[in-house]
Amino acid sequence: MSLEGIGERWIVYFGNGGFFGQLNPMTLIMSFSIMIMLVLIARKIKFERIPGRVQGAVETFFDSFWQITEEVVPNPEYRKPTFVIAMTLFLYILVSNVLGGIPGINVTPLASGINVQLFTDVWYSPTSDLNVNLSYAIMVLIISHAFAIKSKGFVSWFKSFFEPTPIMFPMNIVSEIAKPISHSFRLFGNIMGGGMLVLILSSIVKYFVLPVFLWAIFGWFFGIVQAFVFSLLTIVYIGSML
Amino acid sequence: MDLKTMLETLVTNGGYLGWGLYYLGKLLAAGLCMGIGAIGPALGEGKIGASAMEAMARQPELSGTIRTNMILADAIAETTGIYSLLIAIILLLVLP
């Protein structure tokens, strides 16, 4: 395996091409398989009155997030929706990041055609595609403003842009636009840059032992931390607007 | 004149000197971007780590919470470094 085609994406063009005529097949395939996997795992866990070991672990895990949500979100009505949104994003991003630390099937386009790599590269992780991250970040932004309008009313929501003085209005608009950009680029840069760094460093030592440790660091450790950061910032963004 | 046609004219008219200038600008910009951009996050993460160590030494019973929050703050302080990494990658791989 050489470094040819690193950082390239397999893109299928249809129709006239352009912005709406492109498709990233690996992102679609991997995100749908992750969703199906998560649904199957969630259906397997049974919740009973006397908890078993799996149920205990799951409840402890979700309870720690629920405590953070209770501290951050002031309005008790909006705690449960915020928690559900943040945890859905967390589970999806966690599984897709961790798949980026397990050897599997990856597809890279070369000049001569499409190159399918079997167990020499990690699985393609959907969060290393900026479209996925940006759509989630914009979704969080829209949800936070919708919740703010619903809880505070339109007038006081609109007034919050003119605080503390009306001169600050452009600054507030810029800070709102900067939110989804920093939110999505943080995750994208970590996963994509980590994957590239692993490939480049591994090619220096001819794929001798080193990739295993690098996959553990960049796939597992940074993946889990970034999934946690993404969902926590979701809670904070929604909670700070209320 | 956009960037692509400008670079094409530079390379076709300049010959070896054009290629040299093209790669000089590209590689130097990527290296400088990554090197200077890593200063800020490094200082920030050092500050966070030092404060977390002090707090852990003062209250060892809270070390679990402090460690979680420290990792979180580290990941947020890293953001500007990640931006410069992205720009370096764009300069190296995406630029025509």
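Structural remarks
- Pairwise burial B:A, computed as accessible area of each alone minus the pair, summed, 1.4 Å, Å²: 1200
- Computed with a 1.4 Å probe on the full set of protein chains, the accessible area for A:Ser240 sits at about 80 Å².
- Taking Lys and Arg as +1 and Asp and Glu as -1, the other residues whose beta-carbon sits under 15 Å from that of B:Val94 total 0.
- Mean silhouette area of segment A:105-242, derived from the convex hull of its C-alpha atoms and averaged over all directions, reads 11.1 nm².
- Highest-MSF residue in chain A out of A:Leu94, A:Leu141, A:Leu110 [GNM, Cα springs under 10 Å]: A:Leu110
- Charge context of A:Gly189, other residues only, Cβ under 15 angstrom, K/R +1, D/E -1: -2
- Among A:Phe83, A:Phe14, A:Phe61: highest mean-square fluctuation, GNM of chain A, C-alpha pairs under 10 Å: A:Phe14
- Cα Rg over Rh - segment A:79-140, Kirkwood: 1.13
- For A:Ile50, the accessible area of its heavy atoms, probed at 1.4 Å with every protein chain present, is near 140 square angstrom.
- Projecting label points 7 angstrom from Cα along Cα→Cβ for A:Phe169 and A:Thr60 puts them 5.3 nm apart.
- Carbon and sulfur %, accessible surface of segment A:17-132 computed with the full protein complex present, 1.4 Å: 68
- Cα pair distances exceeding 30 angstrom across the protein assembly as shown, given as percent: 48
- Residue separation of A:Tyr13 and A:Ile29 scaled by 0.36 nm, minus their Cα-Cα distance, works out to 4.1 nm of gained length.
- Rel. contact order, % - alpha carbon contacts under 8 angstrom, at least six apart, chain A: 27
- Rounded to 0.05, the FRET efficiency of the A:Val84 and B:Leu17 pair, given R0 = 51 Å and the Cβ-Cβ distance, is 0.25.
- The helix-based estimate of mean residue ellipticity at 222 nm for the protein assembly as shown, built from -39,500 (n - 2.57) per DSSP H run of four or more residues and divided by its residue count, is -23000 deg cm²/dmol to the nearest 500.
- Charge sum, other residues only, whose C-beta stays under 15 Å from A:Arg79's C-beta, Lys/Arg counted +1 and Asp/Glu -1: -2
- Karplus (6.51, -1.76, 1.60) ³J(HN,Hα), θ = phi - 60°, over segment A:20-25, in Hz, Gly and Pro reported as x: 9, x, 10, 9, 9, x
- The residues of segment A:170-242 have, on average, 44 Å² of accessible surface per residue, using a 1.4 Å probe with all protein chains present.
- Under 30 Å between alpha carbons - lysine pairs in chain A that sit 8 or more apart or on different chains: 10
- Straight-line reach from B:Lys26: taking Cα to Cα under 25 Å and skipping same-chain neighbours fewer than 8 places apart, the lysines in range are B:Lys4.
- GNM flexibility winner over chain A from A:Pro166, A:Pro25, A:Pro211 (Cα, springs under 10 Å): A:Pro166
The values are calculated or read from the model by the stated rules, or taken from the named source; none is laboratory data. This is a predicted model, so every value here is computed, not measured. Here the Cβ is made from the backbone with ideal geometry for all residues, glycine too, and neighbour counts use every protein chain on show. Surface areas here come from the heavy atoms of the whole protein model, side chains and all, with no ligands, DNA or RNA. Shrake-Rupley method; radii C 1.70, N 1.55, O 1.52, S 1.80 Å.
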